[in-house]
Amino acid sequence: VKSLQNGWGIAISCDGAGSAKLSHEGSKFISEEALKLFESIIFDNNWIHKNKLPSKVDWGILAKRELKKLRYDLEQFSKVKNFDFKDLACTIIVVIYSPIGLLTTHIGDGRAGYRNKERIWKAILTPHKGEEANQTIFITSDHWLNDGFVLSGVNVPESNVIYDIPTAFTLMSDGCEA
């Protein structure tokens, strides 16, 4: 989590795949790099100064582009470290919070929610789950790179703009189901 200015900030959750022997390395790399990358996007687009969120379409395009960049950077990291890329498998949830709403994007089976002004908790995302128990998709997976890939009835990555004023939010891995 990183607080920026004027009530804006970023929260990221990454969960390593239990089946990938270096997933802790992948989730650490992705969470650290995603924080820098999405902070840059906020300032490059001047969202704080404008106090304005992008449209859902613009955010969806931007979020997918940046997640692809993160995936590419992870692949380069794997080459430098001489790791098998698939051993770095992890999920990611990104929430950019502000006084006027939330920007969210994710790949995988985590959970996230927010509380609005009326103190009602609402889901931010739909977990990407496969047909088998404990099956999901990871940033290292190839399927989501194609436009229109759907899992659990939603696009991967799923990106949303929430124009409701948040009073609190939460992000968590799929560990809450264990």
*Is region 7-24 home to any residue that is touching a residue at least 40 places away in the same chain (Cβ under 8 Å), under 15 Å from the mean Cα position of the chain (by Cα) and assigned to a helix (DSSP H, G or I)?*
no
*Just name the residue that is least open to solvent (accessible area, probe 1.4 Å) out of those in region 49-65 that are more than 25 Å from VAL150 (Cβ to Cβ) and without any contact (Cβ under 8 Å) to a residue 40 or more places away in the chain.*
LYS50
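Name the one entry in PRO127, PRO166 that is part of a loop (DSSP other than H, G, I, E, B), open to solvent by less than 80 Å² (accessible area, probe 1.4 Å) and within 20 Å of GLY9 (Cα to Cα).
On inspection, the qualifying residue turns out to be PRO166.
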_Yes or no: region 82-99 includes at least one residue that is among the β-branched types (Val, Ile, Thr) and more than 19 Å from LEU171 (Cβ to Cβ)._
no
_Criterion first (in a loop (DSSP other than H, G, I, E, B) and touching a helix residue (DSSP H, G or I) at 6+ places or on another chain (Cβ under 6 Å)) does ILE92 satisfy it?_
no
*Just one of (1) touching a residue at least 24 places away in the same chain (Cβ under 8 Å); (2) charged (D, E, K, R); (3) more than 19 Å from GLU33 (Cα to Cα); (4) not in a loop (DSSP other than H, G, I, E, B) trips up LYS68, so point out which.*
(3)
*May I ask you to say which residue of ILE12, ILE61 is modelled with pLDDT of 95 or more, of a type in the set (A, V, I, L, M), in contact with a helix residue (DSSP H, G or I) (Cβ under 6 Å, 6 or more places away or on another chain) and on the phi < 0 side of the Ramachandran plot?*
ILE12
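The values are calculated or read from the model by the stated rules, or taken from the named source; none is laboratory data. Since we're looking at a predicted model, the values are computed, not measured. All Cβ positions, glycine included, derive from the backbone under ideal geometry; neighbour counts span all protein chains shown. Note: areas computed on protein heavy atoms with side chains; ligands, DNA, RNA excluded. Shrake-Rupley method; radii C 1.70, N 1.55, O 1.52, S 1.80 Å.
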